[in-house]
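Let me begin by presenting the structure, written as structure tokens, before commenting on it.
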Amino acid sequence: MSLLMKNMLEALAMRTLSSLIASFVSPIVRDKHIYPIQVITWKELTELDKQHMWDAVKVVPPIKIKIGPWGGLGAGGFDVGQYVSHITKVKLYTGDVVDSLEISYVDDRNQFETYRTGGGGGGLHEFELESGEYINWVVASYKDYYDEICLTELGFKTNLGKEHGPFGDGGGETVTIPVVAGRLVGFFGQYDRYINSIGLYLAPY
């Protein structure tokens, strides 16, 4: 392949990628109620700001995307979603806070279950997703718990109208994430003795 042809193909690939990113990001950039640089903490957002933010991202993601995470820092990280086709089961262990979680999922062909991520405490809560069912709403809270920022609750809703949780005693900062035009296919975040933070993988229907 000639150098000229190689440069042309690279330029075409970059334009295509830029268009995909812009199609998702541009609604956020255009919204004057969102301050991606000035805002330092969630507390600085008014309820109107938050609503405008969720409205801005209620579009069908052109590709699988990651949003978040919310919470604090941990000693280790987890990332389940890059190759996930759909989630089949969620297990949470909670008490005062969210101690740990396990995810069962399917990729293109096989069924997998993650190891228990987080600490060893908490009571078990679990739910399974039916064929064609997916999570489309998440609520999470987090706060300082014995000098460690961690999740204090997690709750979910599905496209079939089912509600699971919130699990955990709650308290602290709360964020709700409605996935109106897409579905949740994975989680990522950090952990130590507990689950410190969580983010979401979103994908088209």
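Observations on the structure shown:
- Pairs from the table (Lys64/Lys91; Lys91/Lys162; Lys89/Lys162; Lys91/Lys157) lying more than 18 angstrom apart at Cα are Lys64/Lys91.
- Averaged over residues, the count of other Cβ atoms within 10 Å places the peptides 145-158, 71-84 in the sequence 145-158, 71-84, highest first.
- Applying 1/(1 + (r/R0)^6) with R0 = 41 Å to the Cβ-Cβ distance of Asn110 and Thr174 gives a FRET efficiency near 0.70.
Any read-out appearing in this document is the output of simple, stated calculations on the displayed coordinates, not a laboratory observation. All values derive from a computational prediction rather than experimental measurement. Cβ sites come from the backbone with ideal geometry, for glycine too, and all protein chains shown count toward neighbours.
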